[in-house]
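To start, the structure under review is shown below, and the notes come after it.
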Amino acid sequence: MEPYTLLLFIFVIQIVKQIISAVGKQSIESISWVLYCRVAPKFGHSKLASMSQKSSQLRTVAGERRAVSAQDQYAKWTKLNRQHDKLVAEIEQLQKEVDLDKVKVNTFTGYLIAILTSIPIWFFRVWYRSVVLFYFPPGILPRALEWSIALPFTVTGGVSLTVWMMAAGAVASSLTFLFMFPFEKAVPKPVLAKKSPQQL
Amino acid sequence: MPSDREKQRILRERRQAKMAKGGASDRLNKILSQGSSVKTSAVSVLDQPQPADHDPEGMDISTIASKPTPEPELDIDAMLNSVLGGNMGAGGAANGDPGSDPFTQMMMNMMQGGGPEGMLGQEGGTNPMSANMEYQQQLIAYNLYQQRKVRHRFLVVRMVSILANFVYHFLTISDFSFSPSANPFIRSIPPTSSVSSFFQIFVAIEAVLVAAYIAASRNVPSNNNGLLVKGISMAAMFVPKLQRFQPLIMKIIGCWDTVTFVLNDLGLVVLLFGLISFRR
């Protein structure tokens, strides 16, 4: 792999890692589950398709039941009510079966996050540990600083993957903080409640 | 013919008469050592001297109840005083006036729970203690937010100033003196004199910003709620001498904050040079 490609790849991974950390793993899992629920029935997932079909049926039956008066048309209302109860029971049963799929989807999402973020970093850290990503032009940084940046495996003036990862991680973290902080809810200054004359 | 029960009674009486003559221990040891080589020297209870006062068959409860208990009376207040460092002694619990002691008052208030003069305040549901705790929590959250706000403002200034310094040198130095490369030949090119100004300006920016950050951080009270500080406080309960090192550790933590400040800026410089290293 070309040093510049490697350098960019690591930077993108660090950015993705910070975004995942900022968004939260649980939010990503819930988003992936919603996406799965929308996409899977189109690819022939029978349980989800059946569940969405029964849910729409339930909505129709519930609407019809609301439109019918239980006192005036008792027979029709009872029939619709039986249908409604039956559909609710079937949906609950399907929900239990689909919940197992949710666990699988969450596990898969966790693996995907690890594959996208942690595993490449550890692989590159070992495989390309002695590769020089780029060299500083002489005179820009003091010699001592160049030497310390080149640690642990590179010649003076060069930047290794370890230092690049640290730099990319720090900058990605700073950028995340820079863009996320303005959206945080401001905390107002608290005011201590004054004591009543009785308490004094 | 005597019945079986009669026979047993006669035998029991005969055995008791024999035992009454003495030699019960000899008989016991004879029985114990029968059929084995064990030599025992057990003493039968029948041969042991009996206490002078036998248990009366009927117990007079009134005499027992009227007897004073000889157990020494424990002074709980004195014990608490000694445990709590003697602060209570001056307060009044030891003087027989529990209401005038602040610790006792606090405990009584806590134990009274939902009473109108206990945990709840007199004005229907506002507890001064819980209100104060809530205020402290809100104050901690507010201070944390203020710290983050200061950090965010400084981050913006740092990034803008470092980027400006970098872009200025990148645009004004047109030769290879400011061009990092994956090719090691770049190290053999002698630097132009203006290249060193990049690091000089960087150091000047850092010095100014670090000084300003330290000054700004002093205005925002810190909560001292770091894990390390909490750990020291807990350890100081067992080893009080550790409390002396807490200010020093706080100073080190403050310095570390500044060090990460500079290291992050250096990381940004490395990143910027890395991103333009595609140029040959």
Residue count for the stretch B:256-280, restricted to those that are surrounded by 14 or more Cβ atoms within 10 Å (Cβ to Cβ), assigned to a helix (DSSP H, G or I), of a type in the set (S, T, Y) and at the interface with another protein chain (Cβ under 9 Å from one of its Cβ atoms):
0
Taking only the stretch A:96-121 into account, find how many residues are farther than 30 Å from A:G169 by Cβ and in contact with a helix residue (DSSP H, G or I) (Cβ under 7 Å, 6 or more places away or on another chain).
3
Could you list, in sequence order, the residues of the stretch B:170-191 that are free of Cβ contacts under 8 Å to residues at least 40 places away in the same chain and open to solvent by less than 50 Å² (accessible area, probe 1.4 Å)?
B:I173, B:S177, B:F178, B:I186, B:I189
Selection over the stretch A:115-140 where residues are within 14 Å of chain B (Cβ to nearest Cβ) and open to solvent by less than 10 Å² (accessible area, probe 1.4 Å) yields a count of 5
In the set B:A164, B:A131, the lone residue that is within 39 Å of the chain's Cα centre (by Cα), of a type outside the set (D, E, K, R) and either assigned to a helix (DSSP H, G or I) or facing another protein chain (nearest Cβ under 9 Å) (or both) is B:A131
Consider A:W77 carefully, then state whether it is open to solvent by 80 Å² or more (accessible area, probe 1.4 Å) and either in contact (Cβ under 8 Å) with a residue 12 or more places away in the chain or among the aromatic types (F, W, Y) (or both).
no
Which one is most open to solvent (accessible area, probe 1.4 Å) among residues in the stretch A:156-184 that are among the aromatic types (F, W, Y) and more than 8 Å from chain B (Cβ to nearest Cβ)?
A:F183
Only one of these conditions is not met by A:E29: (1) surrounded by 17 or more Cβ atoms within 10 Å (Cβ to Cβ); (2) modelled with pLDDT of 90 or more. Which number is it?
(2)
Failed criterion for A:A144 (all others in (1) more than 7 Å from chain B (Cβ to nearest Cβ); (2) surrounded by 15 or more Cβ atoms within 10 Å (Cβ to Cβ) hold):
(2)
Take the conditions under 30 Å from A:A22 (Cβ atoms), in contact (Cβ under 8 Å) with a residue 60 or more places away in the chain and out of contact with any Leu (no Cβ under 6 Å at 6 or more places or on another chain) and apply them to A:F123. Does it pass?
no
At pLDDT below 85, more than 13 Å from every other protein chain (Cβ to nearest Cβ) and not in a strand (DSSP E or B), is that true of A:F153?
yes
Kindly check whether there is at least one residue in the stretch A:38-49 that is within 14 Å of another protein chain (Cβ to nearest Cβ) and modelled with pLDDT under 85.
no
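The values are calculated or read from the model by the stated rules, or taken from the named source; none is laboratory data. These figures come from a predicted structure and were not determined experimentally. As a convention, Cβ positions derive from the backbone with ideal geometry for all residues, glycine included, and neighbour counts pool all protein chains shown. Ligands, DNA and RNA are excluded from the accessible area calculation, which covers all protein heavy atoms including side chains. Shrake-Rupley method; radii C 1.70, N 1.55, O 1.52, S 1.80 Å.
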